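J.: Below is a structure I'd like to ask you about.
The values are calculated or read from the model by the stated rules, or taken from the named source; none is laboratory data. As the structure is a prediction and not an experimental result, all values here were calculated from the model. Cβ sites come from the backbone with ideal geometry, for glycine too, and all protein chains shown count toward neighbours. To get the accessible areas, we keep the full protein, side chains included, count just its heavy atoms, and leave off ligands, DNA and RNA. Shrake-Rupley method; radii C 1.70, N 1.55, O 1.52, S 1.80 Å.
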Amino acid sequence: MASAEVVSSFVQGTPPGELKEVVQSIQALTSDGDPSLLQHPKVKAAFQNYNESQLVCAKLSGGSQHVLVSPYNRLEGNKYYDTTTSTSFTFDHTTQKASNPQSYTHDSTNNDLISSIQKSLATHVAEHYPAQSSAAAGSAYTVASPSETPTEIAILISATKASPQNFVSGRWRTTLLYNTGSRTLTGTIAAQVHYYEDGNVALNTTKQVSENNVGDSGSEIVRVLAKLEKQYQEEVNRALVGMNEGSFRGLRRQLPVTRQRIEWEKIRGYGLSDNLKGNK
Amino acid sequence: MSADTQLDAALDLLRRLSPLEIKQNLAKITQLVPDIQEDLLSAVDQPLEVARCKKTGRDYLLCDYNRDGDSFRSPWSNEFDPPIDDAAYPSDRVRRMEVEANEAFTVYRSLYYEGGIGSVYLWDQDDGFAGVVLLKKESGRGEDTAGWDSIHVVEVDERGKTSKSAHYKLTSTVILHLGKDNDAVGNLTLAGSLTRQVESDLAIESIGSLGRDGGHVANIGRLVEDMEGKMRNQLQEVYFGKAKDVVGDLRSVASLGQVEQDRRTQREVFQSMSGK
């Protein structure tokens, strides 16, 4: 594996809201050997790929609104558009900053439906996505219509929490495609959590979702999206509770069956059978 | 850039990148900076690998502490596999404690883990001795997978003012991974490790045929039992409590309007009850 590929894989594996720290560590590691490694075309592509697949959001310079980047709302180069704020903007994939906002109306045959989804989505996001406070955190949503696939409307929601002082970060992503022909809603919902105080613990979960016979109004589409999100979040919570009571408990007991701690001075007298000790 | 700065950067990366890919990421980092390989390998805990003792047929665990070149020492036979000529063994005294500790922790493992594999390795040091207690258990049932690796490194300083007590320093890491894959939740992994440290001066009793050395084994046993109990609680809190809380911070299952409404009602009830 070439150095550029190694560095790319580190970028792609960055936990939510921690890109700055990962880049700093990569710089410290590679400055002797190849200080220009972060400028390598492969590595630059990895930054873009990471930000787009993670639906990374940023506060638009000069405004209070957050915008997100994805493969669906990209114009050309580092330019993206946002139908919520009717702006285009430039995104720096290394620093994750959105700048140069300009008034922009996306030209699509689905403009009416897009603005109808938009309205319902605004209410849904306000109802379920709490405001995030720190600099590297935030939530954003957008509805996009890639010009190469005119029958598809991308509905994207992303929320990032980053609390370095508490060594915690997290990200929620909803990436759904509505097909105007088949009236289906398909895509993924994903949640990640990273906890790194005297350790490194990561929750990573993704679910493929698909729903047929979705209505063709904005409110109907967002109603199904809300249902899918709710189901998924409840299943994640259920899985965590189930693991706590199941797999986790099965690994190591809290106390021996006797409910007493070991008397180490008498341990030779515990008289377990060889079978129980695991002796063959 | 100094080697220390590079080592710090490597450790920072490893504490951020996926805990399920420690081994691969270690290899990638040492590819970028070969000079820090040895330091990095001794500073980073990885899931333990298992080997079978050729002489006794019992399984044992592999780590940096029972490795010499490409050979590993079995705690059951005290022999290296593959055999090597000039291997370093523990002194007779430390080996006797090692045998005792392996017996004791086999009991411990059967009581707390009800299965799994364990190994204890001890070695001599100028001011006393040191050791590592390793415990491993894995399970996989259908859509669920789970694994636990405990790595307890203990240093015993016997230079104290009196011979009645010694200073113990314990550094413990537990690597825990849990996974679920089904239609309801999709693919879910919850993995990682926590590291904790404790130091204490403990009196040494005389226990069994090893006398005061038997007391050392008991002291190490109590320290490890206490630490694992605490870490199990912390893991439970971080893995299940914290993970769920953070997901809830990102997205609220209940409507935020409703949550606010409930809060307001609660406040009003409280205020009317306190007569304000």
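J.: Can you give me the accessible area per residue for the protein assembly as shown, using a 1.4 Å probe, in Å²?
T.: On a per-residue basis, 46 Å².
J.: Just checking the output field for B:235-245: average partner chain Cβ neighbours within 10 Å of each residue's Cβ?
T.: 6
J.: For the pairs B:Lys23/B:Lys230; A:Lys161/A:Lys207; A:Lys20/B:Lys180; A:Lys59/A:Lys119, flag any whose C-alpha to C-alpha distance is greater than 25 Å.
T.: Checking Cα-Cα distances, B:Lys23/B:Lys230; A:Lys20/B:Lys180 exceed 25 Å.
J.: Could I ask something else about it? Using DSSP to call loops (not H, G, I, E or B), can you name the trypsin sites (Lys or Arg not before Pro) in the range B:10-102 whose Cβ has at most 13 other Cβ atoms within 10 angstrom?
T.: B:Lys54, B:Lys55
J.: When DSSP assigns beta bridges and you keep just the ones with both residues in the range A:54-158, what percent turn out antiparallel, to the nearest 5? Let's see the in-between values first.
T.: On the way: 18 of 19 bridges.
Roughly 95 percent of the beta bridges in the range A:54-158 run antiparallel, per DSSP.
J.: Now, a different point. Across the Cα atoms of the range B:2-61, what radius of gyration and what greatest pairwise Cα-Cα distance (Dmax) are found, in Å?
T.: Computed over the Cα atoms of the range B:2-61, radius of gyration and Dmax are 14.6, 47 Å.
J.: Roughly how far apart, in whole Å, are the Cα centres of the range A:125-171 and the range B:22-97?
T.: Here the answer is 46 Å between Cα centres.
J.: Here's a follow-up. In peptide B:31-39, what is the residue-averaged number of other protein chain Cβ atoms found within 10 Å of each Cβ?
T.: Neighbouring Cβ atoms belonging to other protein chains average 3 per residue here.
J.: Sticking with this one: Return the Rg/Rh ratio of the protein assembly as shown with Cα-based radii and a Kirkwood Rh. If you can, show how the numbers build up before the last one.
T.: Numbers: Rg = 27.8 Å, Rh = 26.5 Å.
Answer for the protein assembly as shown: 1.05.
J.: What angle, in degrees between 0 and 90 and rounded to the nearest 10, separates the Cα long axis of helix A:111-128 from the longest principal axis of the Cα atoms of chain A?
T.: On a 0 to 90 degree scale, this one is about 40.
J.: Let me ask something additional. Rg/Rh for the range A:60-138 to two decimals, with Rh computed the Kirkwood way over all alpha-carbon pairs.
T.: Ratio of gyration radius to Kirkwood radius for the range A:60-138: 0.96.
J.: Give, to the nearest whole percent, the P(r) tail of chain B beyond 23 angstrom, counting all Cα pairs.
T.: Working: 24161 of 37950 pairs.
Within chain B, distances greater than 23 Å cover 64 percent of Cα pairs.
J.: Given the DSSP H assignment, sum -39500 (n - 2.57) over each helix run of at least 4 residues in chain B and divide by its residue total; what's the result at 222 nm in deg cm²/dmol, nearest 500?
T.: Estimated from H runs of four or more residues: -12500 deg cm²/dmol.
J.: In the protein assembly as shown, if the dipole is taken from +1 on Lys/Arg beta carbons and -1 on Asp/Glu beta carbons about the Cα centre, which of B:Ile204, B:Gly248, B:Gln46 is farthest to the positive end?
T.: About the Cα centre, the residue reaching furthest to the positive side is B:Gly248.
J.: Find out how many positive minus negative residues lie around A:Thr184, taking Lys and Arg as positive, Asp and Glu as negative, among other residues whose Cβ is under 14 Å from that of A:Thr184.
T.: For residues surrounding A:Thr184, the net value is -3.
J.: Another one. Suppose every Lys and Arg Cβ carries +1 and every Asp and Glu Cβ carries -1, with no other charges. What dipole size does the range B:3-43 come out with about its Cα centre, to the nearest 20 debye?
T.: 280
J.: Which of A:Leu29, A:Leu37, A:Leu177 ends up with the largest GNM mean-square fluctuation for chain A, with Cα atoms connected below 10 Å?
T.: Result for chain A, Cα springs under 10 Å: A:Leu29 fluctuates most.
J.: Now for a different question. Treating the beta-carbon of each Lys and Arg as +1 and of each Asp and Glu as -1, no other charges, what is the dipole magnitude of chain B about its Cα centre, to the nearest 20 debye?
T.: Computed charge dipole of chain B: roughly 1100 debye.
J.: To the nearest whole number, what is the average tally of beta carbon atoms from other chains within 10 Å of the beta carbons of peptide A:203-211? Intermediate values should be presented prior to the final figure.
T.: Details: counts 14, 9, 9, 5, 7, 3, 1, 0, 0.
If you average over the peptide's residues, the count of other-chain Cβ atoms is 5.
J.: Short version: what are the Cα gyration tensor semi-axes of chain A, square root of 5 times each eigenvalue, largest first, in whole Å?
T.: Result for chain A: semi-axes of 43, 27, 17 Å.
J.: P(r) tail for the range B:94-250, what percent of Cα pairs lie past 22 Å?
T.: 48
J.: Once every Cα of the range A:1-53 carries one equal point scatterer and solvent is ignored, give the base-10 log of I(q)/I(0) from the Debye formula at q = 0.13, 0.27 Å⁻¹, two decimals.
T.: The calculated log intensity ratios at q = 0.13, 0.27 Å⁻¹ are -0.26, -1.13.
J.: To the nearest 20 debye, what is the magnitude of the charge dipole of chain A about its Cα centre, counting +1 on the Cβ of each Lys and Arg and -1 on the Cβ of each Asp and Glu?
T.: 1120
J.: Pairwise over distinct Cα atoms, reciprocal of the mean inverse distance: report the Kirkwood radius of the range A:91-179 in Å, one decimal place.
T.: Result for the range A:91-179 stands at 15.0 Å.
J.: Once you keep just the Cα pairs under 8 angstrom separated by 6 or more residues, what percentage relative contact order results for chain A?
T.: 13
J.: Could you rank the peptides B:167-175, B:264-272 by their average count of other C-beta atoms within 10 Å per residue, with the highest value first?
T.: Highest-to-lowest ranking by the protection proxy: B:167-175, B:264-272.
J.: Mind checking the alpha-carbon convex hull of the range A:110-251 and giving the volume per residue in Å³?
T.: 132
J.: Work through the residues other than B:Asp226 whose Cβ is under 12 Å from its Cβ and net out their charges, Lys, Arg +1 and Asp, Glu -1.
T.: +3
J.: Ignoring ligands, DNA and RNA, please state the percent of accessible area on the range A:110-251 from carbon and sulfur, probe 1.4 Å.
T.: Here it works out to 46 percent.
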